[in-house]
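These notes are about the structure you will find just below.
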Amino acid sequence: MSNNITYSPRPIRRVLAPSLYLEKIYDLPFEWLTERAITSVVTDLDNTLVPWRDYRVADQLAGWFDSLHGNGFKTLILTNARPAPTIVELSRTLNTKLVVGARKPVSRFFRKALELLDSKPHETCVIGDQIFTDVLGGNLVGCHTVLVERIGHREFAGTRIMRLLERLVKMHMGIGK
């Protein structure tokens, strides 16, 4: 007797492609968020908001978060970085929620972020500088995703290796540098 069960995997492009590509977070059009009924913004930390392990808050970054909050958006930083007082202080300064020690793209960390924000995936935008952590993880749980170019060149050794594969994927999709 033959088994008629078929498996239809998600196309790789669908889980790796961001909803939007931008040079930097400051280019994010609020109209794009409101047109999609997005109420919550989840961001990566290192090389998305600040250079890797440089947790000082620049005026422009504080202003961007103030603008998000002023327009009614809820925010959360979701980072693979280990817990550190400087990261906690950064999130406090930016008046945003925080999940540290995530293992992106593992879905349970994205679901935890959604729970803390009291937000549904279709109401949430995930912003980050890496396809295989931020975009993949956000797409797997059904969020809108925004890929930005990294803002620094220092990074974790494992990330540098993944950048090579990421570059090939970006070339294939026709996005980025």
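Output yes when any residue across segment 101-109 is at pLDDT 95 or above, in contact with a Phe, Trp or Tyr (Cβ under 7 Å, 6 or more places away or on another chain) and crowded, with 18+ Cβ neighbours inside 10 Å, and no when none is. Yes. Considering only segment 120-143, I want to know if a residue exists there that is assigned to a loop (DSSP other than H, G, I, E, B), surrounded by fewer than 21 Cβ atoms within 10 Å (Cβ to Cβ) and over 13 Å from the mean Cα position of the chain (by Cα). Yes, that holds for at least one residue. When Arg150, Arg53 are checked against the criterion of being within 18 Å of Ser19 (Cα to Cα) and modelled with pLDDT under 95, a single residue qualifies: Arg150.
Within segment 98-116, the residues that satisfy the criterion of being assigned to a loop (DSSP other than H, G, I, E, B) and closer than 17 Å to Val135 by Cβ are Ala102, Arg103, Lys104, Pro105, Val106.
Considering segment 8-97, the qualifying strands (runs of 3 or more DSSP E), each wholly inside and each with 1 or more residues that are in contact (Cβ under 8 Å) with a residue 60 or more places away in the chain, run over 20-22, 40-43.
The values are calculated or read from the model by the stated rules, or taken from the named source; none is laboratory data. Since the structure is predicted, the reported quantities are computational estimates derived from the model, not experimental observations. Note: ideal-geometry Cβ built from the backbone for every residue, glycine included; neighbour counts use all protein chains shown.
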